[in-house]
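Since the structure comes first, as structure tokens, the remarks are kept for the end.
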Amino acid sequence: MLVVDTNIVLSAALGRRSVSVFDALADRRLVATSARVAEEVQRVLLSVPDLPAGAPVRAGVILAGIDVIDASYYSDRIDSAARVLSDAVASRNGSTSDAHVLACAWLLDADIWSHDRDFAGTGWPSSSNANLLRALDGA
């Protein structure tokens, strides 16, 4: 199973490379995300002028096709996830804004799919598009 970050959903909605990875995942891996990711995607799409045609619809289709996990299921893990993220060297900024993604991944015992470096150094598996495609090709 994979827990997907906001930047992946937005990338796919905008028609970038993440679309092909979602296609490659079809019937191979379950994909989920946090409720906050779903909210962030909608908020960003509403605030960006001159979006490519169809981006909001594509985002809706993507979110409808994955499991969106209600925050009540992982909220008790947010503080611990924030501490782990703030100590992760790879992000170099101490950002804890993606604690909900890490907490959701812990809950589901799932790898994280993200373009962010924030998850490196947390001790939890995470993959970018390129790494995920390589792993799928080898499976």
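The modelled label-to-label distance for the pair Ala130/Leu51, using points 7 Å beyond Cα in the direction of Cβ, is 2.9 nm.
Rounded to the nearest 10 degrees, the angle from helix 129-138 to the longest Cα principal axis of the chain is 90 degrees.
Relative contact order of the range 2-138: 30 percent, from C-alpha pairs under 8 Å at least 6 residues apart in sequence.
Between amide H atoms placed 1.01 Å from N, distances below 5 Å from Val31 occur with Leu2, Asp67, all of them 5 or more places distant or on a separate chain.
About the centre of its Cα atoms, the chain shows a dipole size close to 320 debye [charges on the beta carbon of Lys, Arg (+1) and Asp, Glu (-1) only; nearest 20 debye]. The overall shape of the range 1-69, judged from the alpha-carbon gyration tensor, is oblate: a/c is not under 1.5, and a/b is no greater than b/c. Looking at the chain, the pairs of alpha carbons with a distance over 28 Å make up 14% of the total.
So what's the back-of-envelope 222 nm ellipticity for the chain, counting only DSSP H runs of four-plus at -39500 (n - 2.57) apiece and dividing by all residues, rounded to 500?
On the way: 7 runs with 69 residues, N = 139.
One gets -14500 deg cm²/dmol as the mean residue ellipticity at 222 nm.
Amide H to amide H distances under 5 Å link Ser127 with Ile112, Trp113, Ser114, where only residues 5 or more positions off or on other chains count and H is placed in the peptide plane.
On a full-extension model of 0.36 nm per residue, what is the gain between Arg29 and Arg83, subtracting their alpha-carbon distance, rounded to one decimal in nm?
16.6 nm
Relative contact order, whole percent, for the range 67-139 stands at 27, derived from Cα pairs under 8 Å and 6 or more residues apart.
Values quoted throughout were computed directly from the atomic coordinates according to the rules given, and no laboratory measurement underlies them. This structure is a prediction, so every number in the text was calculated from the model and none was measured. Don't worry about glycine lacking a Cβ; one is built from the backbone with ideal geometry, like all the others, and counts go over all protein chains shown.
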